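Worksheet for the structure shown next.
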Amino acid sequence: MTDTPIAITSAFDGGNIKLIAVDGDRIDLEIVKDKDSDFYQWFSFRLANAAGRKLTFRILNAGGSAYPLGWPGYKARASTDRVHWRQIPTRYEGGILAFDWQSDAQVAYFAYFAPYTMERHEALIAEYAAKPGVRHRELGHSLDGRAIDLFTIGNGPKPVWLYARQHPGESMAEWWMEGALEWLTSPAAATLKQKVTFYVVPNMNPDGTFRGHLRTNAAGVNLNREWHAPSMEKSPEVKLVRDEMDRTGCVLAMDVHGDEAIPANFLAGFEGIPSWTDELGEKFYDFSRRLAARTPEFQTEQGYEKSAPGKANLTMSTNQLAERFGAVAMTLEMPFKDHDPNPDAEFGWSPERCKVLAVACLETIEEVIDGI
């Protein structure tokens with residue numbers, strides 16, 4: 001029926017968009033702010049009733065988003081099967097993010113990055129909780145009542161923590177976790193698991209994930225600014241995990257994230273903590289160099305500026321854990337764009353590549369763990 005109006009919805013797990021207007025073949029949209037917050041950048045929505053039409057989408061409020069420097073050079077992701085998410089030509093001009101679409105598919109999906117929904121998360125938990133050698137604990141609940149899940153894998157004396165998605169819109173972080181869990185439950189990890197006990201939190205922010213937030217939980221709180229003094233009232237996700245870390249200890253930690261602007265994978269360390277030593281810092285730098293030597297999906301040239309001596313922000317998990325435990329703590333950042341040192345014109349940085357990088361990170365942990 002040619003007179004059926006174009007349909008746009010984001011009323012699903014992880015969805016976020018507001019339809020402003022449909023003017024012929026032009027569709028104007030806005031991204032909705034995180035609840036009780038000014039953060040916004042994540043979008044995920046569905047198109048229907050438009051098969052065969054050439055459409056132009058315009059996100060009108062892109063210029064006011066949390067990280068507008070992330071838009072130049074960025075390409076939106078589109079899928080007609082919710083499995084394969086391809087880059088589509090995207091332009092950013094005058095504060096408006098725009099992309100064109102034409103397909104015979106009756107339904108199409110668009111997102112800031114390949115989504116990792118709470119439904120997929122629940123399937124991940126069920127799958128790995130049933131695997132031999134994996135112990136599962138529900139540490140407690142988020143503000144919306146969702147489970148904070150912890151896997152314990154291995155029986156070695158050295159506690160290593162892997163945790164992801166403090167910022168829920170950074171969905172690449174849970175794709176990385178999926179790859180990490182695959183490797184940790186494979187025969188390849190047998191030797192490492194004799195040396196290490198891994199504590200794995202695949203999703204630190206299930207409420208923000210379901211709500212379609214970029215950066216905050218159900219109370220509008222940025223969890224990665226809560227590690228100095230988390231509370232069950234504002235940040236139970238961090239309180240539950242940090243309390244468990246205090247119980248187990250931690251010698252190495254990886255906090256897995258995504259970065260809006262930098263088109264590369266990189267690590268951020270803990271420079272500037274009060275108890276900084278060059279010896280501890282060198283263990284982090286050595287890890288970075290070894291990871292870059294192991295895979296073309298990582299590099300050390302691009303990244304964040306280092307904090308000055310004594311100026312580290314101890315509200316952030318990597319700095320807090322390095323200070324609290326003397327841990328080799330690090331933040332892994334993956335791009336919403338592409339890993340420009342090793343680009344992929346069709347898919348950009350993708351779920352499959354997140355999983356490849358996870359394996360390289362774990363193999364690098366195996367390479368350095370005796371010295372940590």
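The values are calculated or read from the model by the stated rules, or taken from the named source; none is laboratory data. What you are looking at is a predicted structure, and each value in this text was computed from that prediction instead of being measured. All Cβ positions, glycine included, derive from the backbone under ideal geometry; neighbour counts span all protein chains shown. Surface areas here come from the heavy atoms of the whole protein model, side chains and all, with no ligands, DNA or RNA. Shrake-Rupley method; radii C 1.70, N 1.55, O 1.52, S 1.80 Å.
Cross-link partners among aspartates and glutamates for K239, C-alpha distance below 19 Å, same-chain residues fewer than 8 apart left out? Within the straight-line limit of under 19 Å, K239 reaches these aspartates and glutamates: E138, D144, D149, D207, E226, D255, E323.
Which shape class applies to the range 244-372: rounded if a/c is under 1.5, otherwise prolate when a/b exceeds b/c and oblate if not, where a ≥ b ≥ c are the square roots of the Cα gyration tensor eigenvalues? In terms of gyration-tensor shape, prolate.
Rounded to the nearest 10 degrees, the inclination of helix 351-368 to the longest alpha-carbon principal axis of the chain is 10 degrees.
Set the bar at 24 Å for Cα to Cα. Now go through K131/K193; K158/K283; K33/K234; K75/K283; K131/K195; K75/K355 and name every pair that lies beyond it.
In this structure, K75/K283 lie more than 24 Å apart at Cα.
When the surface is traced with a 1.4 Å probe over the full set of protein chains, T4 keeps roughly 40 Å² accessible. Considering only A78, L19, L97, and ranking their Cα positions along the charge dipole of the range 3-114 that arises from unit charges at the beta-carbon of Lys, Arg, Asp and Glu, the one farthest toward the positive end is A78. I need the shape label for the range 1-131. Rule: rounded when a/c is under 1.5, else prolate if a/b > b/c, else oblate, with a, b, c from the alpha carbon gyration tensor. Oblate, because a/c is 1.5 or more while a/b does not exceed b/c. Here the 3J(HN,Hα) profile of the range 8-13, calculated from phi with Karplus coefficients 6.51, -1.76 and 1.60 at θ = phi - 60°, is 10, 9, 10, 7, 8, 3 Hz, Gly and Pro shown as x.
In percent, how large is the relative contact order of the chain, given Cα pairs closer than 8 Å and 6 or more residues apart? It would help to have the intermediate numbers written out before the result.
Working: 858 pairs, mean separation 62.0, N = 372.
That works out to 17 percent.
A 1.4 Å probe run over the protein chains yields, for the range 293-372, 43 Å² of accessible area per residue, whole-number rounding. Listed values for the range 174-190 are Karplus-derived 3J(HN,Hα) couplings in whole Hz (6.51 cos²θ - 1.76 cosθ + 1.60, θ = phi - 60°), namely 7, 4, 4, 4, 4, x, 5, 5, 4, 6, 5, 9, 9, x, 4, 8, 4, and x replaces Gly and Pro.
Size of the dipole of the range 50-124 about the Cα centre, Lys and Arg at +1 and Asp and Glu at -1 on the beta carbon, nothing else charged, in debye to 20?
It works out to roughly 180 debye.
A simple spin-label model places the labels of V368 and Q106 5.2 nm from each other, with each point 7 Å out along Cα-to-Cβ.
Evaluating 6.51 cos²θ - 1.76 cosθ + 1.60 at θ = phi - 60° for every residue in the range 236-243, the Karplus couplings come out as x, 4, 6, 4, 5, 6, 5, 4 Hz, glycine and proline recorded as x. Of the solvent-accessible surface of the chain, computed with a 1.4 Å probe and all protein chains present, 49% belongs to carbon and sulfur.
Taking the Cα centre of the chain as origin and assigning +1 to Lys and Arg Cβ atoms and -1 to Asp and Glu Cβ atoms, the resulting dipole is close to 300 debye.
Between the range 93-172 and the range 187-204, the C-alpha centres lie 18 angstrom from each other. Between the Cα long axis of helix 278-294 and the first principal axis of the chain there is an angle of about 50°, rounded to the nearest 10. Rounded, prolate or oblate, given the Cα gyration tensor of the range 107-239, with a/c below 1.5 counting as rounded? Oblate, since a/c reaches 1.5 and b/c is not below a/b. Placing unit charges on the Cβ atoms only, positive for Lys and Arg and negative for Asp and Glu, gives the range 305-367 a dipole magnitude near 400 debye about its Cα centre.
For L252, the residues whose amide H sits under 5 Å from its own are W161, V328, ignoring neighbours fewer than 5 places away on the same chain, with H placed 1.01 Å from N.
Note on the chain: with a GNM built from Cα contacts shorter than 10 Å, the maximum mean-square fluctuation among E333, E352, E233 falls on E233.
Estimated at 0.36 nm per residue, the fully extended path between A345 and R137 surpasses their Cα-Cα distance by 70.8 nm.
Once Rg and the Kirkwood radius are both taken over the C-alpha atoms of the range 105-178, their ratio Rg/Rh works out to 1.03. Averaging 1/r over every pair of different alpha carbons in the range 187-263 and inverting the result gives a Kirkwood radius of 14.5 Å. Note on D144: accessible area is roughly 70 Å² with a 1.4 Å probe, heavy atoms of protein only.
Compactness of the chain is given as radius of gyration and Dmax, 20.6, 69 Å, from Cα positions. Mind checking which of G169, G326, G310 has the largest fluctuation in a GNM of the chain, springs on alpha carbons under 10 Å? Ranking G169, G326, G310 by mean-square fluctuation puts G310 first. Among E271, E279, E297, the largest mean-square fluctuation in a Gaussian network model of the chain (Cα springs under 10 Å) belongs to E279.
Under a Cβ-Cβ cut-off of 15 Å, what is the net charge of the residues other than W276 that fall near it, where Lys and Arg count +1 and Asp and Glu count -1? With Lys, Arg at +1 and Asp, Glu at -1, the neighbours total -1.
Enumerate by residue number the trypsin sites (Lys or Arg not before Pro) in the range 256-355 meeting two conditions: DSSP loop (anything except H, G, I, E, B), and at most 16 other Cβ atoms within 10 Å of the site's Cβ. Walk me through the intermediate numbers first.
Values: sites: K283, R289, R290, R294, K306, K311, R324, K337, R353, K355; in loops: K306, K311, K337.
For trypsin sites (Lys or Arg not before Pro) across the range 256-355 that sit outside H, G, I, E and B with at most 16 neighbouring Cβ atoms in 10 Å, the list reads K306, K311.
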